[in-house]
Amino acid sequence: MSEKPISPLRQRMLDDMNVRRFTPDTQREYIRAVKRLAAFLGRSPDTATAEDLRAFQLHLTATGVQPPTVNATVTVLRFFFKMTLDRPETTRHLVFVYEPRKLPRVLPPEEVLRLLEAAPSPKHKAALSVAYGAGLRAMEVVALKVSDIDSKRMMLRVEQGKSLPPRRRGAARIVLPCCRRNCWNCCATGGASRVLPYGCSPAATASTR
C-alpha cells in the first residue's frame, strides 16, 4: 500500500521546520495543530483570515482547552503564517493566555533518602540522585555522557535542555548540582551515604564516571 501523497502546503511547512532542525516529535505536534485549525475551518488552513484565527482561539477556550495547549497552538500558528505563508499580520489577534504556575513540592531530606534507598540498583539510585539534585528531567539524565561531567568545577553539561527560553531551546546549558566540594564527594557515591552534609543535594554522578 502506497503512502498518502503530501500536499505542497504541508511539504513547505515540513521544509521550514527541517531547515530549523525541529525534532520529529515537534514537527508532528506542529502539523497536528494546523490540522486542528483546518478541521475547525472546514477548508485549507492557508485560507484563514485574522478573524478566523480569532474565532479559532475563542473556540479553543470555549471547549475547555488548557492554557499550555492554547499557547502551544498560538506558537504553531504564528510559525505557520509567518514562516510558511509569509503572512504574519494574519495572527495579530492571537494572544498567549496566562498560565498559572504551581511551585513544586520540596521533599525533606528524610523523604529524599527513602526515595533513593528504594532504588533497585546503584545505577537507578545514581539516575534518581542526579535528576533530583541537579533538577534535570528524565530525558536529560538519560542523555548524559561521561564527557558532560566536569568534576573539577562540579558542573554538568546538559544538551537539549527543555528549561531554556524558547529561542534558545535545544542549546546546551550548564547546571551546578552541588554547592560544596564535600557535597560533591558525597553525591558521587550515588547517594549511598546515610548522613549528608548540610545543604547537600544528592546529585549522583557515579553511574557516569
task: Label the stretch 12-86 by shape, choosing from rounded, prolate and oblate, from the square roots a ≥ b ≥ c of the eigenvalues of the Cα gyration tensor; if a/c is under 1.5 it is rounded, and otherwise prolate applies when a/b is larger than b/c, oblate when it is not.
output: oblate
- request: In whole Hz, with x marking every Gly and Pro, tabulate ³J(HN,Hα) for the stretch 115-132 from phi via Karplus 6.51 cos²θ - 1.76 cosθ + 1.60, θ = phi - 60°.
  value: 4, 5, 5, 7, 5, x, 7, x, 5, 5, 5, 5, 5, 5, 5, 6, 5, 6
- prompt: Tell me, what is the percent relative contact order of the stretch 8-91, built from C-alpha pairs under 8 Å that lie six or more residues apart?
  reply: 33 percent
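Return the loop-located trypsin sites (Lys or Arg not before Pro) in the stretch 96-133 (DSSP other than H, G, I, E, B) with at most 15 other Cβ atoms within 10 Å of their own Cβ; answer none if there are none.
Answer by residue number: Arg101, Lys102, Arg105.
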query: Using the Karplus equation 6.51 cos²θ - 1.76 cosθ + 1.60 (θ = phi - 60°), what ³J(HN,Hα) coupling, rounded to whole Hz, does each residue of the stretch 86-99 give in order, writing x for Gly and Pro?
result: 6, 10, x, 5, 5, 8, 5, 8, 6, 9, 7, 9, 5, 10
field: DSSP-loop chymotrypsin sites (Phe, Trp or Tyr not before Pro) across the stretch 60-158, with at most 14 other Cβ within 10 angstrom
entry: Phe96, Tyr98
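All of the numbers you see were taken from the coordinates with simple rules; none came from a lab. Please read all numbers here as calculations on a predicted model, not as lab measurements. Don't worry about glycine lacking a Cβ; one is built from the backbone with ideal geometry, like all the others, and counts go over all protein chains shown.
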